[in-house]
Amino acid sequence: MFERVALIGIGLINSSIARVMKRDGLAGEIVIYSRRQSTLEKAMELGLAERAETDAAAAVKDADLVILGVPVGANAALAEAIGPSLMPGAIVTDVGSVKAAVIRDVAPHLPDGVHLVPGHPVAGTEHSGPEAGFADVFQDHWCILTPTEGCDPDAVEKIAEFWRRAGSTIDIMDAAHHDKVLAITSHLPQLIAYNIVGTVLDIEHVTKREVVKYAAGGFRDFTRIAASDPEMWRDVFLNNQEAVLEMLGRFTEDLAVLQRAIRWGDDKALEELFTRTRGIRRDLIDAKQI
Ligand code: NAP
């Protein structure tokens, strides 16, 4: 599909992309860039690329596809660095968990004739780094593309086709809508996990030993989510501020209602909500999302 692919960042997601490309022979050559030499060395040992570069501009030279796979806050500086070295006709895509900020930060640095196709594979794990990736991670998951108006349809189709080969189903939507949907389905649950794990750590009359001992009571699932990469999630919240704050407002309002129901012994209100919420689990199972 591509002659030379430049992977900017070689963590969980881009290393999984490299594995898909190697498995299916989708790239003539893969060149990788990462911030730290040690990450590049690890990725080369894993056989993920033909060449490694510590200079992002050198990595994208003559690449027909460039994939940004770094925490979203790092995109602006990297786009500025690679912009002048991009080949005319090249496609630049990304895998970031927020989309409007990526368009804001990357698009201004791309020369005419280079196509930006923002993307977000809604798949992954709480692990990081090139060793954490695996080719099947995208299988049976959604990949959302958020092309801006005037984006070359052939470039969008080529990226869509890549994700289909990786096992994903494509949805196309506008970036602002993506950010709202993901704020409630992904970013807020992540924030709740960070918050509850933080609260547990700060409670004085429950010992760490007791927390570990009784984690199966529900806490364990939150610790998995809260173990995700701190830099990645810091950037998600800082770059999807508006949508996350809006959803957080709704969430705290609803939490206050629950708090009141518990205080006043409103058994009906509690049971009614807990019955309604059960249904969503069934929907997820039916949609093969679990
Ligand atoms: P990761 O495993 O933590 O890898 C991050 C990569 O970015 C590494 O190569 C790292 O370089 C590089 N990097 C970090 N900070 C940088 C900076 N300031 N400047 C330049 N390079 C930097 O990350 P990931 O999980 O693959 O996530 C990558 C992107 O995918 C993020 O935008 C995230 O929102 C998105 N995403 C993640 C998931 C998920 O489940 N993890 C799912 C969907 C989308 P060094 O190792 O050399 O420091």
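Per-structure values
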| item | result |
| --- | --- |
| Meets criteria (at pLDDT 90 or above and touching a helix residue (DSSP H, G or I) at 6+ places or on another chain (Cβ under 6 Å)) for residue 226 | yes |
| Number of the exception - residue 288 against (1) at negative phi; (2) in contact (Cβ under 8 Å) with a residue 24 or more places away in the chain | (1) |
| Matching residues, the range 54-90, being touching an Asp or Glu at 6+ places or on another chain (Cβ under 7 Å), away from the ligand (no atom under 16 Å from the Cβ) and among the hydrophobic types (A, V, I, L, M, F, W, C) | 87, 90 |
| Counted residues, the range 193-206 - those being open to solvent by 50 Å² or more (accessible area, probe 1.4 Å) and modelled with pLDDT of 85 or more | 7 |
| Failed criterion for residue 116 (all others in (1) buried (at least 18 other Cβ atoms within 10 Å of the Cβ); (2) within 14 Å of the ligand (Cβ to nearest atom); (3) aliphatic (A, V, I, L, M) hold) | (2) |
| The range 1-31, residues that are within 12 Å of the ligand (Cβ to nearest atom), open to solvent by less than 10 Å² (accessible area, probe 1.4 Å) and within 22 Å of residue 167 (Cβ to Cβ) | 7, 9, 10, 14, 15, 16, 17, 18 |
| Residue tally, condition within 15 Å of the chain's Cα centre (by Cα) and outside any loop (DSSP other than H, G, I, E, B), over the range 134-157 | 6 |
| Count of residues meeting criterion [surrounded by 16 or more Cβ atoms within 10 Å (Cβ to Cβ) and aliphatic (A, V, I, L, M)] in the range 207-233 | 4 |
| Which numbered condition residue 140 fails, given (1) in contact with a Lys or Arg (Cβ under 9 Å, 6 or more places away or on another chain); (2) closer than 27 Å to residue 81 by Cα; (3) open to solvent by 70 Å² or more (accessible area, probe 1.4 Å) | (2) |
| Residue satisfying all of: in the range 234-268; closer than 16 Å to residue 185 by Cα and of a type in the set (Phe, Trp, Tyr); most open to solvent (accessible area, probe 1.4 Å) among these | 251 |
| Any helices (runs of 4 or more DSSP H) falling wholly within the range 209-272 and containing at least 2 residues that are aromatic (Phe, Trp, Tyr) | 219-225, 230-239 |
| Residue within the range 97-109 that is under 16 Å from the mean Cα position of the chain (by Cα), under 24 Å from residue 61 (Cα atoms) and within 16 Å of the ligand (Cβ to nearest atom) present | yes |
| Candidate set from the range 119-133 (those that are more than 7 Å from the ligand (Cβ to nearest atom) and buried (at least 20 other Cβ atoms within 10 Å of the Cβ)); member that is farthest from residue 175 (Cα to Cα) | 130 |
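For (1) touching a strand residue (DSSP E or B) at 6+ places or on another chain (Cβ under 6 Å); (2) surrounded by fewer than 19 Cβ atoms within 10 Å (Cβ to Cβ), each residue gets a yes or a no:
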| residue | (1), (2) |
| --- | --- |
| 46 | no, yes |
| 49 | yes, no |
| 71 | no, no |
| 88 | no, yes |
| 105 | no, no |
| 108 | no, yes |
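The values are calculated or read from the model by the stated rules, or taken from the named source; none is laboratory data. Everything numeric in this text was worked out from a predicted model, so none of it was measured. So basically every Cβ, Gly included, is an ideal-geometry build from the backbone, and we count neighbours across all protein chains shown. All accessible areas refer to the heavy atoms of the entire protein, side chains included, with ligands and DNA or RNA removed. Shrake-Rupley method; radii C 1.70, N 1.55, O 1.52, S 1.80 Å.
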